[in-house]
Amino acid sequence: QVQLVESGGGLVQAGYSLRLSCTSSGRTDGFPTMGWFRQDPGKGRQFVAAIRRNTPGTFYADSVKGRFTISKDNAKNTFDLQMNSLEPEDTGVYLCAVGRLAGVAETSYYDYWGRGTQVTVSS
């Protein structure tokens, strides 16, 4: 069993930054893919970024490339999402997830999810 808890959300003005963190506990070794998704009201979960636990490589949605950076600290069992130059379109509930599969951009690749943290960007 794996537990994930997000932190770091909040309300910011457009152009500002936020840093989200996902803290995991439990047997996480078997889940090499770690990702962030955004839940929009009335819509499904949209892929934001992902990183591999034990190998190099990061993955981003086109809409966040150059603005967001995903990173990890395996010793602390955390992975973060640094969000710069935030836009109102980035508003939503951000959820972290871990998965056993190599795919990154679909929710079906992930096995465990956090409950999410709200990010609101005002114009």
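Do we have any residue at all in segment 57-79 that's at pLDDT below 95 and over 21 Å from Gln1 (Cα atoms)? Yes, that holds for at least one residue. Selection over segment 104-123 of residues that are open to solvent by less than 30 Å² (accessible area, probe 1.4 Å) and more than 13 Å from the chain's Cα centre (by Cα) gives a count of 1. Residues of segment 86-101 that are of a type in the set (Gly, Ala, Ser) and touching a Phe, Trp or Tyr at 6+ places or on another chain (Cβ under 6 Å): Ala97, Gly99. One residue stands out among those in segment 1-23 that are among the aliphatic types (A, V, I, L, M) and open to solvent by 30 Å² or more (accessible area, probe 1.4 Å): the one that is nearest to Phe37 (Cα to Cα), which is Val5.
For segment 80-103, which residues satisfy the criterion of being in contact with a helix residue (DSSP H, G or I) (Cβ under 6 Å, 6 or more places away or on another chain) and either open to solvent by less than 10 Å² (accessible area, probe 1.4 Å) or at pLDDT 95 or above (or both)? Walk me through how you get there before you give the answer.
Step one: filter segment 80-103 for residues in contact with a helix residue (DSSP H, G or I) (Cβ under 6 Å, 6 or more places away or on another chain), giving 99, 101, 103.
Answer for segment 80-103, where residues must be in contact with a helix residue (DSSP H, G or I) (Cβ under 6 Å, 6 or more places away or on another chain) and either open to solvent by less than 10 Å² (accessible area, probe 1.4 Å) or at pLDDT 95 or above (or both): just Gly99.
The values are calculated or read from the model by the stated rules, or taken from the named source; none is laboratory data. Keep in mind the model is a prediction, meaning the values are calculated, not measured. Note: ideal-geometry Cβ built from the backbone for every residue, glycine included; neighbour counts use all protein chains shown. Heavy atoms of the whole protein, side chains included, go into the accessibility calculation; ligands, DNA and RNA do not. Shrake-Rupley method; radii C 1.70, N 1.55, O 1.52, S 1.80 Å.
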